[in-house]
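Contents: one structure, followed by commentary.
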């Protein structure tokens with residue numbers, strides 16, 4: 001009896017062991033999802049002869065994979081094109097031209113027959129006889145145009161493509177150097193591009209490049225125009241003044257409260273002549289250098305500017321003397337190693353970073369009608385649409401260069417100050 005029980009126990013143990021799951025490393029799992037390598041999903045302009053590529057892996061290290069490849073034109077549920085492929089590539093040379101849309105997928109099988117399908121991908125083929133876009137032409141402003149206004153200027157051209165099936169996009173290049181044009185608009189569908197407010201009396205260059213969906217492109221010549229020449233209404237390089245003194249009171253007003261503002265021969269932007277120096281070594285001090293000029297709704301100031309220490313604070317403000325206004329125009333400062341302006345929301349906005357002991361050429365163009373200004377630093381547009389607090393200011397006619405209470409300015413300089421506008425006869 002005892003031997004019978006032992007036999008029954010052994011048989012039960014054997015049966016139970018047959019139902020134990022395999023350890024994970026021995027369990028067969030299906031292949032991973034095949035991933036697209038080429039051609040990319042939803043791509044255009046694909047050649048009619050190409051090698052399809054995909055990648056797939058299997059969680060079982062010793063397992064091998066084969067693939068069924070599905071491909072068909074104009075059918076989102078493509079038919080089987082090739083089965084039992086041992087590699088993850090397939091060369092096909094039987095596709096049709098002219099933007100035919102193809103759908104394809106891959107199904108991976110392991111040695112035990114378990115399978116995983118990829119998503120269905122699509123692409124379109126190249127046109128057999130695609131023509132490049134028309135060369136952009138008929139520029140506005142016209143090539144070599146002179147006395148072009150500085151605001152509300154748009155670049156316009158005639159574009160298009162001889163093929164009705166092609167869609168054209170444009171890149172616009174613009175700048176003050178014909179050999180170093182900057183990309184200013186990219187991949188636009190229209191044939192017009194609005195410019196920011198521009199500098200007076202400056203030669204500008206521009207070019208348009210056009211592209212169709214199928215890789216063909218054309219480009220215009222480099223065109224140019226020159227903006228209107230402004231009248232110089234105030235100009236001072238400080239070179240005629242005695243150094244280590246204040247400038248003449250008939251030209252500049254100086255206010256010094258614990259600071260020193262003087263004509264300096266220590267440095268100038270071109271190492272010739274004088275500049276104006278500001279030293280404000282304590283937080284309790286402040287002061288300004290101010291002048292007044294002819295009032296205008298639109299105008300430009302320009303000067304050279306530098307600070308000598310990272311913690312130097314210095315700024316300038318434009319004002320209006322007109323009644324019934326908030327008086328205050330654009331405010332710009334060097335603070336914390338940056339040029340910044342104070343906007344209509346009473347927030348400081350970055351213009352450009354600055355290094356110590358380096359001259360920067362500042363040009364600020366203001367427009368009181370539209371209540372904005374632009375700032376160029378060393379000829380490069382840095383602020384396109386700055387705002388200021390005095391929204392009711394009808395014109396501007398004063399500038400103050402100043403240091404600030406509760407801030408220090410160990411040493412800063414300005415040089416070659418100029419104000420200009422167009423005087424209507």
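Key figures
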| quantity | calculated |
| --- | --- |
| Any hit, segment 273-280, residues being crowded, with 20+ Cβ neighbours inside 10 Å, at pLDDT 90 or above and under 32 Å from the mean Cα position of the chain (by Cα) | no |
| Residue in segment 151-158 that is under 22 Å from the mean Cα position of the chain (by Cα), assigned to a loop (DSSP other than H, G, I, E, B) and at positive phi present | yes |
| From 352, 392, residue being modelled with pLDDT of 90 or more and surrounded by fewer than 19 Cβ atoms within 10 Å (Cβ to Cβ) | 352 |
| Selected residue (only one of 190, 113 is within 25 Å of the chain's Cα centre (by Cα), without any contact (Cβ under 8 Å) to a residue 40 or more places away in the chain and surrounded by fewer than 15 Cβ atoms within 10 Å (Cβ to Cβ)) | 190 |
| Residue match in segment 212-230 (condition: closer than 24 Å to residue 381 by Cα, within 21 Å of the chain's Cα centre (by Cα) and surrounded by fewer than 17 Cβ atoms within 10 Å (Cβ to Cβ)) | no |
| Unique residue being within 36 Å of the chain's Cα centre (by Cα) and surrounded by 18 or more Cβ atoms within 10 Å (Cβ to Cβ) when the list is 47, 78, 39 | 39 |
| Filter result for residue 304 (crowded, with 17+ Cβ neighbours inside 10 Å and under 40 Å from the mean Cα position of the chain (by Cα)) | yes |
| Residue among 91, 103 that alone is outside the structural domain of residue 206 (by TED's automatic domain parsing), loosely packed, with under 12 Cβ neighbours inside 10 Å and either in contact (Cβ under 8 Å) with a residue 24 or more places away in the chain or assigned to a strand (DSSP E or B) (or both) | 91 |
| Matching strands (runs of 3 or more DSSP E) fully within segment 255-354 where at least 2 residues are under 16 Å from residue 415 (Cβ atoms) | 260-264, 275-280, 286-296, 298-307, 314-319 |
| Single match in 335, 346 (criterion: over 21 Å from residue 305 (Cβ atoms) and either assigned by TED's automatic domain parsing to the domain that holds residue 280 or surrounded by fewer than 17 Cβ atoms within 10 Å (Cβ to Cβ) (or both)) | 346 |
| From 62, 58, residue being in a loop (DSSP other than H, G, I, E, B) and buried (at least 18 other Cβ atoms within 10 Å of the Cβ) | 58 |
| Residue in segment 137-147 that is surrounded by fewer than 17 Cβ atoms within 10 Å (Cβ to Cβ) and farther than 30 Å from residue 373 by Cβ present | yes |
| Within segment 395-425, considering residues that are assigned to a loop (DSSP other than H, G, I, E, B) and either in contact with a helix residue (DSSP H, G or I) (Cβ under 9 Å, 6 or more places away or on another chain) or closer than 24 Å to residue 147 by Cα (or both), the one modelled with the lowest pLDDT | 425 |
| Which numbered condition residue 67 misses (of (1) modelled with pLDDT under 95; (2) in contact with a strand residue (DSSP E or B) (Cβ under 9 Å, 6 or more places away or on another chain)) | (1) |
| Qualifying residue in segment 286-295 (condition: closer than 24 Å to residue 370 by Cα, modelled with pLDDT under 95 and crowded, with 16+ Cβ neighbours inside 10 Å) | yes |
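The values are calculated or read from the model by the stated rules, or taken from the named source; none is laboratory data. Computed from a predicted structure; not experimentally measured. FYI the Cβ positions are ideal-geometry reconstructions off the backbone, even for glycines, and counts take in every protein chain you see.
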